[in-house]
Number of protein chains: 2
Amino acid sequence: MKASGCFTLPGEAGYEQLTLELAKRWGADAVRDCEGTSLSNEILEAGFDIYSTICIIRNHNEFARKHPHVQQQTFLMSKAVLSEGESMCIPLLDGFFDQQFAVNDDKEALAYYQVFDRTTNQEIPRDVWEYHKENGTVVINHAIPWHRYTVNFLAWRIWEEINMYNHVTNGWKSEHLRQLDPRYPEVQAFLRSYLEEWCLDHPHTDVVRFTSLFYNFVWIWGSDGKNRDLFSDWASYDFTVSPKALQDFSATYGYALCSEDFINQGRRNPNHITWNRKMKDYLSFTNDFVVGFAKELVAIVHSHKKQAYVFYDDSWVGMEPGGKRFSEIGFDGIIKCVFSGFEARLCASVESTPVHELRLHPYLFPVGLGGAPTFAPGGNPALDATTYWSKVRRALLRKSVDRIGLGGYLHLTTPFPDFIDAVDVIADEFRTIKELHAKGAPLCFSLKLLVLTDWGSLRSWTCGGHYHEHPDLDLINILESLSGLPFDVEFEAFDNLTKERLQQVAVVINAGFAGSSYSGGDAWCNDTLVENLTQWVHEGGVFLGVNEPSEVKGYDTLFRMAHILGVDRDDGRRLCHGRWPCETDGLGIVGKCSILEKQDIYLLDEKTKVLTSNNNSPCITCRDVNKGKGVYLSSYRVTAENTRMLQNLILYACNQLHDQFFTSDNAYVEGTWFPASKQLVVLNSSEIEQQAEICCENMSRIVQLKPFEMHIIQID
Amino acid sequence: MKASGCFTLPGEAGYEQLTLELAKRWGADAVRDCEGTSLSNEILEAGFDIYSTICIIRNHNEFARKHPHVQQQTFLMSKAVLSEGESMCIPLLDGFFDQQFAVNDDKEALAYYQVFDRTTNQEIPRDVWEYHKENGTVVINHAIPWHRYTVNFLAWRIWEEINMYNHVTNGWKSEHLRQLDPRYPEVQAFLRSYLEEWCLDHPHTDVVRFTSLFYNFVWIWGSDGKNRDLFSDWASYDFTVSPKALQDFSATYGYALCSEDFINQGRRNPNHITWNRKMKDYLSFTNDFVVGFAKELVAIVHSHKKQAYVFYDDSWVGMEPGGKRFSEIGFDGIIKCVFSGFEARLCASVESTPVHELRLHPYLFPVGLGGAPTFAPGGNPALDATTYWSKVRRALLRKSVDRIGLGGYLHLTTPFPDFIDAVDVIADEFRTIKELHAKGAPLCFSLKLLVLTDWGSLRSWTCGGHYHEHPDLDLINILESLSGLPFDVEFEAFDNLTKERLQQVAVVINAGFAGSSYSGGDAWCNDTLVENLTQWVHEGGVFLGVNEPSEVKGYDTLFRMAHILGVDRDDGRRLCHGRWPCETDGLGIVGKCSILEKQDIYLLDEKTKVLTSNNNSPCITCRDVNKGKGVYLSSYRVTAENTRMLQNLILYACNQLHDQFFTSDNAYVEGTWFPASKQLVVLNSSEIEQQAEICCENMSRIVQLKPFEMHIIQID
């Protein structure tokens, strides 16, 4: 008798038979609707828990038409225009997608406009420019010839971006959906009563699935199809702005923000780059508001005896599930869509919600990532599902969640029976893993790793997005490896890294390019931080730096921790300095890893051990610093071999390399030991058959695994 | 009857027959001695002009022993030492080659010592540290635990570096030669009388060949043979320092320099990185002194009816042959050793001396570059000589010099008859080229190119050293290509780039990595510079940027000329911004060039034409800016194909592509037209046979050239 439950199925009206059949086959205990699908009475009354999606700020076009001033907004910067004489004209929306944005030239919006001479990097006075409403331009009357000028302005967002994306991708003909900004009391009142009515209208709904809350992640589209994506950031706050928000902010924080704080010379404030105090204040301010109003909405849901889950995507900005206030909202569950292992850990790390659910990929949709076919000719959704699952599965073996599910159009699966088979396996494996955890936690090395970033625990297990969006970020790759490794992993921000905090951990990881939130930028100007870390390493800690760790300008070394790492970066200013040669010794731990060299890295002196190098540039190094060690990797990309090397390197640096057990001799095969149930779970995360020998305390086992197989060995 | 003359031969006592035989064969009219060789009376009296080398500040060990305080000095920075408690000790010379340096702890030297807390980047007060003479250490009594400290100190240079290099390379056993600092009046008096006597002692000498003047280029050796070369810079001033120089400087300039000005956080001031005002003042100050005293020495030489030539190498620092004051010295000739074409142009560009001579490579020595065999088993000096000559020859076709010559131990050539043959050809080709120029200048495009750097004309045709020393500098590669191309090339510093200066030129080239002297660093903070260049391009100028041209932080684009170039660099802060795709069109001019991509370069918008790209990163771009153009190259390395591409790109940007004539259809074959003599010189600069078709006004010629052949066609 197969186990069932813990599985959410996307139902689809018109395909009742298929819905019921697949629900039974996959052991679904809940059925959901999706954008573009609905559930019929036959499904609603079949005994499943019913999830109903709601995008609370969307689908209110009539209200938006009547109250246009409560639509959502953003700051935009015009293109830079070169002055060829004294008078010049800047068309504000030139280059932007005019179906997404409209100029907001209300009086209170105009007060936030700023015109910059970008040649001198100075704002120009208001009295030398004027706004021309009739054609949406700014005219500068006393420009300096051959300087470049830009205008920061407020724009209405006239098309909700998820609707826009689906609409454009699928060639929909329906009305463009707008979004309301709940900052405005009239919107709050409207949404409260709307939700009340909605709950009454949905008697079958058990779980209100919020998709997500109020503010989209930033996605600015261009007018030219060749470069549609002008700016996109899953974790920035550009789409939360309005004159009201800014007025409330200055009333609360005692100082005002201006458009340039958001525009930042046109670079905006991507979450990958360290934020200044002002932007962090603005985040807290927005988070306070979102938590407060979301709490009211959840209370309404609860008053109707329904549960409230939130989908951690699309419009998650402001709710910050890793933040201190998230629990106040009172969500009963959080749902994360996952392509990779770190996303499973991200979901699991949200401690306050009782239920954690993963929405697996592929989404049941004709096209997937980057427009490639999924449930369409040329697609291979079974392989996609299994590949994603193999990444998620190893993370679940470290830390489980409560449920999994799918989303999309169920009927699209019919021509792909192998996909249906694959989900059989996935659902079963998931329930098996969950049961193992229920009996007792898996064995883990007694080493706590601390990932040190500018975001810290607020953004645990993420670098603002999915792996495929920024595959070149070292930290996202490290997180993906760590998601399935037997280490305790915590996250800390620079501001909170006290001596006491350091005492609790064995390894500090700092990984990223200079100036990034992950390397830390100006956080490294703090001498006490350097002092504390130096002392801690001296007394036995391990500082593991990747790419451009601790880099900041102004000191004798670019890496502030160069004296610990034993390497530093040369930005060209050491072109006349000699370099120590790289004499490598893999110490038996590097295996077949591949770490890309950075040509600009040099050895500080002869005391730094080089484990691997390329073109005489060190790739992996290790340096003894009294009782501790400095470890450096010039880059990190997730591969099975690199994951194994990372584990070995950490164990080596912590003098625990000899403690390895339940580790196989094959990087593609990983073992996890559940002591309570005395079960060893062995994973083949590759698409080919693998053989491996696994050390099990006093003996070893040889296992032969099919592609992607999960195998369980009882060892008594 | 073969032409002869214009050739300087290294004579060698004990090999009189060989000297006379090769002198006749190669048409030598002058014979010189070299370090380690001497000329016998038989040679001295054979009717040749006699060049005698003199390294004026060396070979005075007895004087140095008696007057140790007049030896040359430099600032050094100790290794950084980590403080583990309150008291710590820093050994000053740890890591330095103790045969090269000794601590100068005279009272006036100690006044220049500075101790830095490199963790806080602050100098610590004098009263918390003390110098311990007995073991050459500095003890800090109240250090902050876990901070790193360094000491800047003065060191005597106790071994002249060229002697040190030859000594170590050849295993010499002779006494280490020291050097005197002519800053001191007693040294000046000593050297004046020494030179008087020397002239009297050398009645056969016609030319006193100074090698070079007073101060070595910087070469700091380490104690460990694995990293002997700690710092070397052919064009920095670190080895000119002394308490007296610094006292004189502050008396002259009204402000004082400190050791940290030279140490610069341990990075020193390599000539490749922009110098600040203080260092430029110090250069001028030293140049003034060197010119003044050198003029006195040359006057002594002239008073003995001898000529004074200077070898532009080794100890050239302070004389600055490209500077305004060089001509005051009154040298009769300048001699440059050459591996490459740009060095020939560098020599030719020194306008004030009547004679310009090239000392060709290979030097007649058992080993050459990087210790590879030359005149030793395994060496191929004939191929070396021909290869170097093929680079020099194309530069000489653009601008000739007066003489060529060799250096070293003549007897080493005996086992290499093919080398002797090769020099036959080289000497003849040189004399032919010189005669062609004498009849009238070669045809040149009427396009003036201006290379814009922080050094400007002070350092025309050089990036501080030989090509092989820093082959990755884009500008040195560009100079090598330009050295043989039919363009007028001038050099200008940022400070002197007026609107008027711009009117005189067609193309401005700015090529280098950010912060380098060649890109310009902070020079680009000057808004007027950006304004003037923008206007000039708008009115028809061509701005050609390479690698990280005009880059400086603080503005909306990293490249200040991004709006002209149409590309900018992303230092990671634009990770969330979309990129325009590269749609390439070679415009028929890129040929088989190979330009390495920079992954961090992005197109500003759709108006930038991409000529070549790699991995969607633009490599060569061109942008129309009204009547002018912005042209960008992501990197530049000299190859025949790249040289041809560069010529075509410049002509294209200047709308003169159709004007190409005397250009071949084969990048390895270049034609130069001498209108006065109606002779077309065709070069094959490759080591294989080449065929090419050359356009000659109304007709074309097909030529077949042997490896490295120079062929002359009379076209009447």
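The values are calculated or read from the model by the stated rules, or taken from the named source; none is laboratory data. In this text, all values refer to a predicted model and were calculated from it rather than measured experimentally. Reconstructed Cβ throughout: ideal geometry from the backbone, glycine too, with neighbour counts over all protein chains shown.
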- Query: Pairs under 7 Å by beta carbon, first residue under 17 Å from A:A155 (Cα atoms) in segment A:229-253, partner part of a helix (DSSP H, G or I), six or more apart or different chains?
  - Reply: A:Y237/A:Y282; A:Y237/A:L283; A:Y237/A:T286; A:D238/A:F262; A:T240/A:T286; A:V241/A:F262; A:P243/A:E108; A:P243/A:A109
- Task: Considering each residue of segment B:124-176, count those that are in a strand (DSSP E or B), surrounded by 14 or more Cβ atoms within 10 Å (Cβ to Cβ) and of a type in the set (D, E, K, R), and give that number.
- Result: 2
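State yes or no: is B:V168 at pLDDT below 95 and over 24 Å from A:L533 (Cα atoms)?
The answer is yes for B:V168.
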- Message: Against the definition (part of a helix (DSSP H, G or I), more than 30 Å from A:N104 (Cα to Cα) and free of Cβ contacts under 8 Å to residues at least 12 places away in the same chain), how does A:E21 come out, yes or no?
- Response: yes
- Task: Scan segment A:271-283 for residues that are within 16 Å of A:F217 (Cα to Cα) and without any contact (Cβ under 8 Å) to a residue 40 or more places away in the chain and jot them down.
- Result: none
- Given (1) over 29 Å from the mean Cα position of the chain (by Cα); (2) touching a residue at least 60 places away in the same chain (Cβ under 8 Å); (3) assigned to a strand (DSSP E or B), number of the condition A:T612 does not satisfy: (2)
- Query: Across segment A:462-504, what is the total count of residues that are assigned to a loop (DSSP other than H, G, I, E, B) and farther than 29 Å from A:V669 by Cβ?
  - Reply: 5
- Message: Based on this model, can you work out whether B:G591 counts as under 32 Å from the mean Cα position of the chain (by Cα), away from chain A (no Cβ under 13 Å), at positive phi and touching a residue at least 60 places away in the same chain (Cβ under 8 Å)?
- Response: yes
- Message: Taking the criterion of being surrounded by 23 or more Cβ atoms within 10 Å (Cβ to Cβ), in a loop (DSSP other than H, G, I, E, B) and either modelled with pLDDT of 95 or more or not assigned by TED's automatic domain parsing to the domain that holds B:L22 (or both), would at least one residue in segment B:279-296 satisfy it?
- Response: no
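When you scan segment A:629-652, do you find a residue that is in the same structural domain as A:L565 (by TED's automatic domain parsing), in contact with a His (Cβ under 6 Å, 6 or more places away or on another chain), farther than 17 Å from A:A511 by Cβ and not in a strand (DSSP E or B), even just one? Before the answer, list the steps.
Our first condition is that a residue be in the same structural domain as A:L565 (by TED's automatic domain parsing); within segment A:629-652, this holds for A:629-652.
When the remaining residues are screened for being in contact with a His (Cβ under 6 Å, 6 or more places away or on another chain), the result is none.
No, that holds for no residue.
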- Query: Is it true that A:F101 is more than 14 Å from chain B (Cβ to nearest Cβ) and under 30 Å from A:K226 (Cβ atoms)?
  - Reply: yes
- Item | Flag for A:V187 being within 22 Å of A:L246 (Cα to Cα), within 14 Å of chain B (Cβ to nearest Cβ) and surrounded by 13 or more Cβ atoms within 10 Å (Cβ to Cβ) | no
- Within segment B:201-227, how many residues turn out to be modelled with pLDDT of 95 or more, under 30 Å from B:F7 (Cβ atoms) and assigned to a strand (DSSP E or B)? 4
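Can you find a residue that is away from chain B (no Cβ under 14 Å), at pLDDT 95 or above and assigned to a helix (DSSP H, G or I) anywhere in segment A:228-242?
yes
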- Considering (1) in a loop (DSSP other than H, G, I, E, B); (2) within 30 Å of A:T413 (Cβ to Cβ); (3) in contact with a Lys or Arg (Cβ under 8 Å, 6 or more places away or on another chain), say which one A:F331 fails and leave the rest. (3)
- Message: From the list B:A13, B:A64, exactly one residue is outside any strand (DSSP E or B), touching a residue at least 12 places away in the same chain (Cβ under 8 Å), of a type outside the set (D, E) and closer than 28 Å to B:F430 by Cβ. Which is it?
- Response: B:A13
- Query: Within segment B:538-562, can you find the residues that are at the interface with chain A (Cβ under 10 Å from one of its Cβ atoms), farther than 22 Å from A:L230 by Cα and touching a Ser or Thr at 6+ places or on another chain (Cβ under 7 Å)?
  - Reply: B:E548
- Query: A:D605: acidic (D, E), outside any loop (DSSP other than H, G, I, E, B) and at pLDDT 95 or above, yes or no?
  - Reply: no
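Against the definition (hydrophobic (A, V, I, L, M, F, W, C), buried (at least 22 other Cβ atoms within 10 Å of the Cβ) and not in a loop (DSSP other than H, G, I, E, B)), how does B:F342 come out, yes or no?
For B:F342, the condition - hydrophobic (A, V, I, L, M, F, W, C), buried (at least 22 other Cβ atoms within 10 Å of the Cβ) and not in a loop (DSSP other than H, G, I, E, B) - is met.
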- So, of the residues in segment A:563-585 that are in contact with an Asp or Glu (Cβ under 7 Å, 6 or more places away or on another chain) and more than 9 Å from chain B (Cβ to nearest Cβ), which turns out to be surrounded by the most Cβ atoms within 10 Å (Cβ to Cβ)? A:R569
- Message: surrounded by fewer than 15 Cβ atoms within 10 Å (Cβ to Cβ), more than 30 Å from B:D570 (Cα to Cα) and in the same structural domain as B:T584 (by TED's automatic domain parsing): which single residue out of B:N655, B:N626, B:N698, B:N615 fits that description?
- Response: B:N655
- Message: Checking the structure you have, find out if any residue of segment B:440-448 is crowded, with 19+ Cβ neighbours inside 10 Å and free of Cβ contacts under 8 Å to residues at least 24 places away in the same chain.
- Response: no
- Candidates B:L39, B:L110, filtered to the one that is in contact with a helix residue (DSSP H, G or I) (Cβ under 9 Å, 6 or more places away or on another chain), of a type outside the set (D, E), surrounded by 14 or more Cβ atoms within 10 Å (Cβ to Cβ) and away from every other protein chain (no Cβ under 14 Å): B:L39
- Item | Condition check for A:F116: buried (at least 16 other Cβ atoms within 10 Å of the Cβ), more than 28 Å from B:V552 (Cβ to Cβ) and within 14 Å of another protein chain (Cβ to nearest Cβ) | no
- Message: Given the condition touching a strand residue (DSSP E or B) at 6+ places or on another chain (Cβ under 8 Å) and under 30 Å from B:S223 (Cα atoms), answer yes or no: does some residue in segment A:634-652 qualify?
- Response: yes
- Message: Take the residues in segment B:252-274 that are in a helix (DSSP H, G or I) and hydroxyl-bearing (S, T, Y); name whichever of them is surrounded by the most Cβ atoms within 10 Å (Cβ to Cβ).
- Response: B:S259
- Pairs, please: C-beta under 7 Å, at least 6 apart or cross-chain, first residue within 11 Å of A:R560 (Cα to Cα) and facing another protein chain (nearest Cβ under 9 Å) and in segment A:526-537, second crowded, with 18+ Cβ neighbours inside 10 Å and of a type in the set (F, W, Y)? A:E531/B:W146; A:L533/A:F543; A:T534/B:W146
- Item | Cβ-Cβ under 6 Å pairs, at least 6 apart or on other chains, segment B:362-375 side assigned by TED's automatic domain parsing to the domain that holds B:I426 and farther than 19 Å from B:C34 by Cα, far side modelled with pLDDT of 95 or more and crowded, with 18+ Cβ neighbours inside 10 Å | B:P373/B:G379
- Taking segment A:364-397 and keeping residues β-branched (V, I, T) and within 25 Å of A:M710 (Cβ to Cβ) leaves A:T374, A:T386, A:T387, A:V392
